[in-house]
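First up is the structure itself, then whatever we jot down about it.
The values are calculated or read from the model by the stated rules, or taken from the named source; none is laboratory data. Because the structure is predicted, anything quoted here is derived from the model rather than measured. Quick reminder, even Gly has a Cβ in these numbers, built from the backbone with ideal geometry, and neighbours come from all protein chains shown.
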Amino acid sequence: MVFITLIVVFEMIAYVATTPRPSEQFFQLYVLGSNGRAAGYYPNNDTYISPNETVSWYLGTTNFMGNVQLVDVRVKLGNQTINPPNDTQGLPSPAPLITEFQRFTQDNETWEFPFVWRVTNAGLVNNTMHILTVEINGETFQVVDCSARSGYNFRLIFELWTWDTNTDAFQFGWETSGEHPVAWLQIWFNMTTSTPFQYA
Amino acid sequence: MRSPPRILVFTIAVMLILVAVHSNTSTYLRADEIQPQFNQAITQVRLAESAGATQSEITELVTTLNKALELDGQAVKLRSPNDTQQRADLLARVNVMLNEVQTNASVLETVASQRTRTNTVLAYVYGGVAAAVGTFAYAVLFAFYRRYRIKRTFQMKVTVK
């Protein structure tokens, strides 16, 4: 009787020790300011940014999915009227894509990298500010049709995409337990310039 | 001469726009080029992980995958006809690296699977051994306790009040 009791207890301990426990699967996406903290996002704490004014942020993502993931952080430039990503329907923003950053990340791994950007070409026409080129981490990107009235309320949108091995393609967000959560962030800014509109 | 029908002009215009849009956004279609090999590599690495491979073992594979991803990114940026050879060389290196990852991940899956099975069996065996040792210890202690009680019983002094 003692042996049976002990064997049940010890085998239960062995079962618990050898069976992996299911954990919540999710990603973390964040943007930090120039000092690596959740502050100081704008030069001189002024949301009005001039052309060629450099802005330094840190982008980061942490993988809590329990396995290796191919992560794709997409950077989009939007204005006040364009739709942000839709959380309930899991749809990305239709804002124009500027660039993307891809990397394989392990479980519990945080991938953080500097995101240094500046608007290199912008101009005002009919009281509407047009952003034409943006430099990100030393590389210049063309912007397709992004403008804002008087330069107010531009925003950089960061979307987290992951590789879906079932569809062989990137998907916005990720699949977990039959759900499709998404992660995205946006940071607003205003663009001021006195220079006339110029094509690059 | 009769002018072409409007629908034909419209169709050609739409096709030209689509081609233009595609050429503008092709920088971001890296996944299409890497799709099959990268997909197989990820799948194989995940199989190794689920088989019980350790974090340090997976780190080696992920490091190689990130190098392959970086080289692939460099290859995609080479668009000039003069860069065709360099681009082909880079993609060949990516292909070799991904094949290496798949092979290593496959071996790792087998090793990790055997290790996990062994550990599981050992855990249950140890459970049985622990139960046997526990039972023996209980029997020994119980025997000592009985002897002690008997001894104490015979050491009792009967006093008449």
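Residues in the stretch B:59-74 that are under 13 Å from the mean Cα position of the chain (by Cα) and within 7 Å of chain A (Cβ to nearest Cβ): 3 in all. When A:Arg37, A:Arg74 are checked against the criterion of being basic (Lys, Arg), at pLDDT 95 or above and either part of a loop (DSSP other than H, G, I, E, B) or at negative phi (or both), A:Arg74 stands alone in meeting it. Residues to consider are A:Glu112, A:Glu100; find the one that is in contact with a Lys or Arg (Cβ under 6 Å, 6 or more places away or on another chain) and acidic (Asp, Glu). Sole residue among the options that is in contact with a Lys or Arg (Cβ under 6 Å, 6 or more places away or on another chain) and acidic (Asp, Glu): A:Glu100. Within the stretch B:83-125, track down each residue that is over 14 Å from the mean Cα position of the chain (by Cα), among the polar types (S, T, N, Q) and within 16 Å of B:Glu60 (Cβ to Cβ). Across the stretch B:83-125, the qualifying residue is only B:Asn99. So which residues in the stretch B:75-90 are within 14 Å of chain A (Cβ to nearest Cβ) and either of a type outside the set (Lys, Arg) or closer than 17 Å to B:Val45 by Cβ (or both), if there are any at all? Answer for the stretch B:75-90, where residues must be within 14 Å of chain A (Cβ to nearest Cβ) and either of a type outside the set (Lys, Arg) or closer than 17 Å to B:Val45 by Cβ (or both): B:Ala75, B:Val76. Restricting B:Asp72, B:Asp89 to those that are in a helix (DSSP H, G or I), of a type in the set (D, E, K, R) and farther than 20 Å from A:Arg103 by Cβ reduces the list to B:Asp89.
How many residues are polar (S, T, N, Q) and surrounded by 20 or more Cβ atoms within 10 Å (Cβ to Cβ) if we restrict to the stretch A:87-104?
Residues flagged as polar (S, T, N, Q) and surrounded by 20 or more Cβ atoms within 10 Å (Cβ to Cβ) within the stretch A:87-104 amount to 2.
The listed residues are A:Thr140, A:Thr162, A:Thr167, and the only one of them that is within 13 Å of chain B (Cβ to nearest Cβ) and touching a residue at least 40 places away in the same chain (Cβ under 8 Å) turns out to be A:Thr162.
Scanning the stretch A:135-189 for residues that are under 16 Å from A:Gln25 (Cβ atoms) and among the polar types (S, T, N, Q) turns up A:Thr162, A:Thr165, A:Asn166, A:Gln171, A:Thr176, A:Ser177. The residues listed here are A:Asn52, A:Asn44, A:Asn67; of these, the one that is assigned to a loop (DSSP other than H, G, I, E, B) and either in contact with a Cys (Cβ under 7 Å, 6 or more places away or on another chain) or surrounded by fewer than 13 Cβ atoms within 10 Å (Cβ to Cβ) (or both) is A:Asn52. Tallying residues that are free of Cβ contacts under 8 Å to residues at least 12 places away in the same chain and not small (Gly, Ala, Ser) within the stretch B:55-69 yields 4.
Of everything in the stretch A:17-46 that's among the aliphatic types (A, V, I, L, M) and more than 10 Å from every other protein chain (Cβ to nearest Cβ), which residue is nearest to the chain's Cα centre (by Cα)? The qualifying residue nearest to the chain's Cα centre (by Cα) is A:Leu29. For the stretch A:156-170, a residue qualifies if it is outside any loop (DSSP other than H, G, I, E, B) and either touching a helix residue (DSSP H, G or I) at 6+ places or on another chain (Cβ under 8 Å) or at pLDDT 95 or above (or both), and the qualifying residues are A:Leu156, A:Ile157, A:Phe158, A:Glu159, A:Leu160, A:Trp161, A:Thr162, A:Trp163, A:Ala169, A:Phe170.
Within the stretch B:11-28, not a single residue is touching a strand residue (DSSP E or B) at 6+ places or on another chain (Cβ under 8 Å) and modelled with pLDDT of 90 or more.
Output the number of residues of the stretch A:102-131 satisfying the condition of being in a strand (DSSP E or B) and more than 14 Å from every other protein chain (Cβ to nearest Cβ).
Initial filter on the stretch A:102-131 (in a strand (DSSP E or B)): A:102-105, A:110-125, A:128-131.
So of that shortlist, the ones also more than 14 Å from every other protein chain (Cβ to nearest Cβ) come out as A:112, A:114-125, A:128-131.
Count: 17.
Note on the stretch A:77-86: residues that are surrounded by fewer than 18 Cβ atoms within 10 Å (Cβ to Cβ) and part of a strand (DSSP E or B) amount to 1.
Yes/no per residue for (1) more than 11 Å from chain A (Cβ to nearest Cβ); (2) surrounded by 14 or more Cβ atoms within 10 Å (Cβ to Cβ); (3) at positive phi; (4) aromatic (Phe, Trp, Tyr):
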{"residue": "B:Ala92", "(1), (2), (3), (4)": "yes, no, no, no"}
{"residue": "B:Met97", "(1), (2), (3), (4)": "yes, yes, no, no"}
{"residue": "B:Thr110", "(1), (2), (3), (4)": "yes, no, no, no"}
{"residue": "B:Val129", "(1), (2), (3), (4)": "no, no, no, no"}
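The requirement of being closer than 19 Å to A:Phe189 by Cα and touching an Asp or Glu at 6+ places or on another chain (Cβ under 8 Å) is not satisfied by A:Pro114.
Being modelled with pLDDT under 90 and not in a loop (DSSP other than H, G, I, E, B) is the requirement here; does A:Phe27 meet it? Here the answer is no, as A:Phe27 does not meet what is asked.
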